[in-house]
1. Given a 1.4 Å probe and the protein chains all in place, what does the accessible area of E145 round to, in Å² to the nearest 10?
2. Leaving out ligands, DNA and RNA, and with a 1.4 Å probe, what % of the accessible surface on the range 3-86 is carbon or sulfur?
3. Please work out how much length the chain gains when fully extended from A153 to V186, using 0.36 nm per residue of separation minus the C-alpha to C-alpha distance, in nm with one decimal.
4. Within the range 3-86, what percent of beta bridges assigned by DSSP are antiparallel, to the nearest 5?
5. Nearest 10 degrees, 0 to 90: what angle lies between the long axis of helix 138-153 and the longest principal axis of the chain (Cα atoms)?
6. How much accessible area per residue does the chain have, counting only protein heavy atoms and a probe of 1.4 Å, in square angstrom?
7. Would you mind checking K3/K229; K159/K229; K3/K224 for any pair whose Cα atoms are more than 31 angstrom apart?
8. So which aspartates and glutamates can K215 reach, going by Cα to Cα under 12 Å and dropping same-chain residues fewer than 8 places off?
Amino acid sequence: MTKELFLRDAYLREFEAEVVNLNGREVVLDETAFYPGGGGQPPDKGTLGIGPISANVVDVRREGGDIVHVLDAAIPGTVRTLRGTLDWERRYAHMRHHTALHVLSGVIWKNFGAKVTGGRMHADRARMDFSFPGEWTAEVVGEIERLTNEALAEERPVKVYELSREEVLANPDLIRTQTNLVPERVEAIRIVEVEGIDTQADGGTHVSNTREVGKIEITNHKSKGRQNKRVEFVLR
Ligand SMILES: [Zn+2]
């Protein structure tokens, strides 16, 4: 069972951990800051090493309760401790895009009653799909961009905390998200709240204030059917 340090501290970019399992190019540590991917956010990259030994982390995945780091070179089986360093520029870009997606999601829910159906972020862009009940025009897209940038500029804190399953189900704002996908056995559900804008059950990493996101610029939008709309954006 790997302790997931990124859940408590998204800004942790270096750590030292004990090797739990070392199998050629795959390493499990007792704790890690490497995000294993999920919820539309890609797995982290970076390095693991000790002294003169170093390897690039090319992929990270969840396997049961463990987080497996996949390396580009084998680490000697005698190594007991490793220092992890994230590719911080890339991860921080994911955090900024992830928080931007939540603000966008809150804005279109509050203003247009549209629910998000999917999202994907990269280091240089992001996209979001949602079911939008009304007419899908350039004016509407422009309005979504304007309202999102207005909300981001309000320097809203982003808070991370846990709620019980009962508390989540009793909150109508949370029901519209993916809470029903959380397994029954999970008692405490991690919540990410962009104050006053959006509250979701979420396992990803976020910036701590919307001021760190900057501005979005919608670069593409399309209608993929009556209920299915997509916007793509970059950060400025
Ligand atoms: Zn999310």
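1. 50
2. On the way: 1880 of 4000 Å².
Ligands and nucleic acids excluded, carbon and sulfur give 47 percent.
3. Additional length available on full extension: 8.4 nm.
4. On the way: 28 of 30 bridges.
Restricted to the range 3-86, the bridges split so that about 95 percent are antiparallel.
5. Value to nearest ten degrees: 60.
6. Working: 11510 Å² over 236 residues.
Roughly 49 Å² per residue, with all protein chains present.
7. Values: K3/K229 37 Å; K159/K229 28 Å; K3/K224 40 Å.
Among K3/K229; K159/K229; K3/K224, the Cα-Cα distance tops 31 Å for K3/K229; K3/K224.
8. Those aspartates and glutamates meeting the cut-off are E145, E150, E154, E155.
The values are calculated or read from the model by the stated rules, or taken from the named source; none is laboratory data. Being a predicted model, the structure only gives us computed values, none of them experimental. Virtual Cβ from ideal backbone geometry, glycine too; neighbours counted across all protein chains shown. These area figures cover heavy atoms from the full protein model, side chains too; ligands, DNA and RNA do not enter into them. Shrake-Rupley method; radii C 1.70, N 1.55, O 1.52, S 1.80 Å.
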